[in-house]
Amino acid sequence: MRIFHLADLHIGKIVNGFSMIKEQEYILNQIIGLIEKHQPQVVMIAGDVYDKRNPSNEAVVLFSSFLTKLTNFDLDVLIVSGNHDSGAKLQFVSEILRKQRIHISGSFIETIDKVTIDDEFGKVNFYLMPFVRPSDVRMFILEVDSYHSALQLAIANSDIDYSQRNIFVGHQFFAGTTVEQSDSEIASVGGIDIVGYSLLEDFDYAALGHLHKGQKLKHDHIRYSGSPLKYSDSEVGHQKSLVMIDFKEKADLSLSLLELSPKTQMRKIKGRINDILAPDFDLNHTDDFVHITLLDDEEIIDAIGKLRNKYPNLMSLQFDNRRTKHQGDIDVRDDVSESDPVELFSDFFVSQNNQTMNQRQMALVKRLMEGAKN
């Protein structure tokens, strides 16, 4: 059985004021092309189909179009809701969709939803676990007191026969080993939502969503597919891909990463503004999504406007100079009323610019202070 694993589509996402809908349409069509080329029997989407619980009309239309294209192939589609999704809305008309071989698990109800699909080696059981909070599982299993125990007891309550071929599809923050997070993910407070990956070790494969960088959790068979597109500057270095699994007999599977190429690249640029705006700099990539860091110490009037003339898809602008590097605090004086105002301002200037005022600046401040007194 050949299986595709993807997750974290975040359809309808807006990044730094830029709609990603056209980028997402492009990448979903690319995934359709890979399905046509590699002919999987199953496509798994491990949560965060949408970026918001109330997705825009264009986001719903795009995902509906993607599902319609999937029904043109001889395959099953397995979907779980993520923490960005509304489970109830995602599984709306799921009974009708099931007749089209589209299986959606939006909410946990007592046990993990199970879908069994046959191949030449027998049955493969897919366990579809939507994103849950402890309270979602506690409605059915009173002993739940944490995210970890919620998943632990949900799995234990589902009567899984581990002698069979089993695949877990879920969207939680599974960890327990070093994982790489991205700025575009919702940060947890104090790690309260962490679930130990050891709960998944007995599955033949665990298809995970939530983290945007594709990565394994200690074992090759416990894996985040990552998002198909870059959604923050912290993801600039990621090579996006989907996971292709070839599953034969029990515990006999091989994995391949199928690389994805965006319509518009996302990059970081660092330098002085005059160098970046030079006519011969970066000639062929000015339409990329860019995050620029300027090294200039001098104040630049309308830096964003000047840079956007060359880079219309400028997503963010930061500065890395003497002012931003200086971490010192202004000395706190016991009684500022007895301090020389010029000295106070001089302290402030040093704290902001990591250098003292020159003679011209000092003379100007003195004149202004004298004028204020009069």
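Any read-out appearing in this document is the output of simple, stated calculations on the displayed coordinates, not a laboratory observation. All values reported here derive from a predicted model rather than from experimental measurement. When we count neighbours, we look across all protein chains shown, and the Cβ atoms used for this are built from the backbone with ideal geometry, even at glycine.
Size of the dipole of the chain about the Cα centre, Lys and Arg at +1 and Asp and Glu at -1 on the beta carbon, nothing else charged, in debye to 20?
880
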Nearest 10 degrees, 0 to 90: helix 359-373 Cα axis against the chain principal axis: 80
Please label the shape of region 47-183 as rounded, prolate or oblate, based on the square roots a ≥ b ≥ c of the eigenvalues of the alpha-carbon gyration tensor (a/c under 1.5 means rounded; beyond that, a/b larger than b/c means prolate, else oblate). oblate
Kindly provide the trypsin sites (Lys or Arg not before Pro) of region 57-159 that DSSP labels as loop, not H, G, I, E or B, and whose Cβ sees at most 11 other Cβ atoms within 10 Å. K99
Nearest-0.05 FRET efficiency for S163 and S19, computed from C-beta distance (R0 45 Å): 0.40
Label-point separation, F73 to F92 (7 Å along Cα→Cβ), nm: 2.6
Applying the gyration tensor rule to the Cα atoms of region 45-84 (axes a ≥ b ≥ c; rounded if a/c under 1.5, else prolate if a/b exceeds b/c, else oblate), the class is oblate
Express in whole angstrom the spacing between the alpha-carbon centres of region 75-126 and region 242-289. 31
First measure r as the distance between the Cβ atoms of R322 and L257, then evaluate 1/(1 + (r/R0)^6) with R0 = 51 Å and state the FRET efficiency to the nearest 0.05. 0.75
Could you give the longest part of the chain that holds none of the GluC sites (Glu not before Pro) found in DSSP loops with at most 14 neighbouring Cβ atoms within 10 Å? 1-109
Under a GNM of the chain (C-alpha, springs under 10 Å), which listed residue has the highest mean-square fluctuation: M357, M244, M266? M357
Based on other C-beta atoms within 10 Å, arrange D320, D280, D51, D74 from fewest to most. D280, D74, D320, D51
Classify region 2-259: rounded, prolate or oblate, from the alpha-carbon gyration tensor (a ≥ b ≥ c, eigenvalue square roots; a/c under 1.5 rounded; otherwise prolate if a/b is larger than b/c)? rounded
Return the single residue from V342, V93, V60 with maximal mean-square fluctuation; model: Gaussian network over the chain, springs between Cα atoms under 10 Å. V342
Under the 0.36 nm per residue contour assumption, what length would be gained going from the current alpha-carbon distance of R367 and Q39 to full extension? 110.3 nm
Given a Förster radius of 22 Å and the C-beta distance between D246 and H219 as r, what FRET efficiency does 1/(1 + (r/R0)^6) yield to the nearest 0.05? 0.80
In a shell of Cβ-Cβ distance under 14 Å around V124, excluding V124 itself, what net charge do Lys and Arg (+1) and Asp and Glu (-1) give? -3
In degrees between 0 and 90, to the nearest 10, how far off the longest principal axis of the chain does helix 147-156 point, with axes built from Cα atoms? 10
Say a paramagnetic label sat at a point 7 Å from the Cα of Q265, along Cα to Cβ; which residues of region 285-307 have their backbone N under 18 Å from it? 285-293
